[in-house]
1. Restricting the search to the range 13-50, which residues are at pLDDT below 75, of a type in the set (D, E, K, R) and in contact with a helix residue (DSSP H, G or I) (Cβ under 9 Å, 6 or more places away or on another chain)?
2. Among the residues of the range 61-90, which ones are open to solvent by 60 Å² or more (accessible area, probe 1.4 Å), out of contact with any Leu (no Cβ under 8 Å at 6 or more places or on another chain) and either among the hydrophobic types (A, V, I, L, M, F, W, C) or closer than 17 Å to residue 112 by Cβ (or both)?
3. Taking the range 64-89, which residues are of a type in the set (S, T, N, Q) and either touching a residue at least 12 places away in the same chain (Cβ under 8 Å) or closer than 15 Å to residue 33 by Cα (or both)?
4. Among the residues of the range 58-81, is there at least one that is under 13 Å from the mean Cα position of the chain (by Cα) and at negative phi?
5. Of (1) of a type outside the set (Val, Ile, Thr); (2) part of a loop (DSSP other than H, G, I, E, B); (3) open to solvent by 30 Å² or more (accessible area, probe 1.4 Å); (4) at pLDDT below 90, residue 120 satisfies all except one. Which?
6. Out of the residues in the range 32-60 meeting the condition of being among the charged types (D, E, K, R) and over 20 Å from residue 114 (Cα atoms), tell me which one is surrounded by the most Cβ atoms within 10 Å (Cβ to Cβ).
7. Go through the range 80-108 and give me each residue that's part of a loop (DSSP other than H, G, I, E, B) and at pLDDT 90 or above.
Amino acid sequence: TTDFYFSMAINDADLLDCFVKLHTEEEIPFVLDYNRVREAQLGDACLQDLMQKKPNAFLVQPLAPNVEVVCYTPEPQIPWKVYLPTSLLLDMVKWYHHAPLGHLGTNRLYDTMSLHLFHPNLKQTVQ
């Protein structure tokens, strides 16, 4: 068998900087732990306000053994998204920006996060 190895020459200083300065897991902890999300949801004033204004847009979903989190769905036929508590919003944006996806740009970062997460200020926080 023949093994093939691929490499690329990086002539762009900004792109090289992206690869050289990738963050490690120790630097940016993963914040989407369902227990942590649930605890933060319990004290989230924004969530409580939204649930009073639009009670049909929120439901409780079991996402792990013995852990249920509040999820958002604007209409019944639209898939639900985990409500991201305000206290975890900035940390989650930082994690998505650095850890799994690299530096994608604000539009792509927002699009990726908003597939499964909801917070009314998500777009402004990403920008």
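1. First pass over the range 13-50, keeping only residues at pLDDT below 75: 13-31.
Narrowing further to those that are of a type in the set (D, E, K, R): 14, 17, 21, 25-27.
Of everything in the range 13-50, just one residue is at pLDDT below 75, of a type in the set (D, E, K, R) and in contact with a helix residue (DSSP H, G or I) (Cβ under 9 Å, 6 or more places away or on another chain), namely 27.
2. 78, 79, 90
3. 66, 73, 86, 87
4. Yes, there is a match, as at least one residue in the range 58-81 is under 13 Å from the mean Cα position of the chain (by Cα) and at negative phi.
5. Of (1) of a type outside the set (Val, Ile, Thr); (2) part of a loop (DSSP other than H, G, I, E, B); (3) open to solvent by 30 Å² or more (accessible area, probe 1.4 Å); (4) at pLDDT below 90, only one is false for residue 120: (4).
6. For the range 32-60, the residue satisfying everything is 39.
7. Let us first name the residues in the range 80-108 that are part of a loop (DSSP other than H, G, I, E, B), namely 80, 84-85, 99-105.
Selection gives 80, 84, 85.
The values are calculated or read from the model by the stated rules, or taken from the named source; none is laboratory data. All of these numbers come straight from a predicted model, not from anything done at the bench. Methodologically, a virtual Cβ is constructed for each residue, glycine included, from the backbone with ideal geometry; neighbour enumeration extends over all protein chains shown. For the accessible areas, the whole protein counts, side chains as well, though only heavy atoms, and no ligand, DNA or RNA atoms are used. Shrake-Rupley method; radii C 1.70, N 1.55, O 1.52, S 1.80 Å.
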